[in-house]
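A short reminder: the numbers here are calculations on the coordinates, not readings from a lab. Model, not experiment: these values are computed from the prediction. Neighbour counts run over all protein chains shown; Cβ positions are idealised from the backbone, glycine included.
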Amino acid sequence: MEDYIAELREWNDNSPVSAFVSGPSTLKALEKIAQGVPIEETGVTGTTNGASMKIAPIGLISDYRDLPSLVKNVAEICLPTHNTKIAIAGASAVAAAISYTVRGGRSIEEIWSVAFDAIEAAKEYGYDFPAASLTFRMNQARKILRQETDEHVILQRLYEEIGTGMETIETIPSSFVIVELAKGDPLKAAQLSASLGWDTDTIGAISAAICGGMNPNLPKEMIQQIEEVNQLDFDQLAEDVLPFVK
């Protein structure tokens, strides 16, 4: 944990993009850490979606068929910045869905089921900061999918009724609707998210990550552009991560 916090502080202090992407929960927690507040207390008000946005690696290395271990891993990552029940529940749902898809899962219905199971398994973790029921809000989002057939109407209702802002309670239901609406296509998920409004990059990151496990093939020129803009080497990243995927 100390290494993780050190890396997070170093990135936040020195990355040229941190000022644009560091969320309020992370910034508040880092400020408390710098003041010497114990990490068990620095994330007790962190309810925003940063935990869910960064949790994909936990989904890669954790097995959704062992939810207690997966959720424990999620909670440990959330501890310093997003140590609340709602944030851990949301991040657990995302990690479990990604774990399912990268291990060959293709059923949209099963993605929802795995997410609900993860939310239930995460109940014992985090501070009980006031928040609505994530399970209820997820079911409300699914109702919109069942009631509407027009893609634009679904997006509009998500924006107006579920919310697409920075709070976990809004981001996670909307992200899972995008996964189903995109039929597991990561590029389509990114495009739908961009059209949704408000916190589009986070919703896109989450939904496209889940879909990416189902359909990992993007156009070669797009991959090259992502690598160049973000100074990444996906081949090297794959070599680093794949030994941990079971």
Worksheet item: Restricting the range 191-209 to residues that are of a type in the set (Gly, Ala, Ser) and crowded, with 24+ Cβ neighbours inside 10 Å, which is farthest from LEU181 (Cα to Cα)?
Response: ALA209
Worksheet item: With respect to the numbered conditions (1) touching a residue at least 60 places away in the same chain (Cβ under 8 Å); (2) under 24 Å from PRO216 (Cα atoms), which one is the sole condition not fulfilled by TYR64?
Response: (1)
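Can ILE33 be described as crowded, with 17+ Cβ neighbours inside 10 Å, over 19 Å from GLY90 (Cα atoms) and touching a residue at least 12 places away in the same chain (Cβ under 8 Å)?
The answer is yes for ILE33.
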Worksheet item: Inside the range 71-118, can you point out the residues that are farther than 18 Å from ILE210 by Cβ, assigned to a loop (DSSP other than H, G, I, E, B) and hydroxyl-bearing (Ser, Thr, Tyr)?
Response: THR81
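Please state which one of ALA97, ALA89 is touching a residue at least 60 places away in the same chain (Cβ under 8 Å), of a type outside the set (Asp, Glu) and under 11 Å from THR47 (Cβ atoms). Quick ask: steps written out before the conclusion?
Details: ALA97 fails: under 11 Å from THR47 (Cβ atoms).
Every option except ALA89 fails the conditions.
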Item to complete: Hey, can you tell me all the residues within the range 210-230 that are in contact with a helix residue (DSSP H, G or I) (Cβ under 9 Å, 6 or more places away or on another chain), part of a helix (DSSP H, G or I) and not acidic (Asp, Glu)?
Response: ILE210, CYS211, GLY212, GLY213, MET214, MET222, ILE223, ILE226
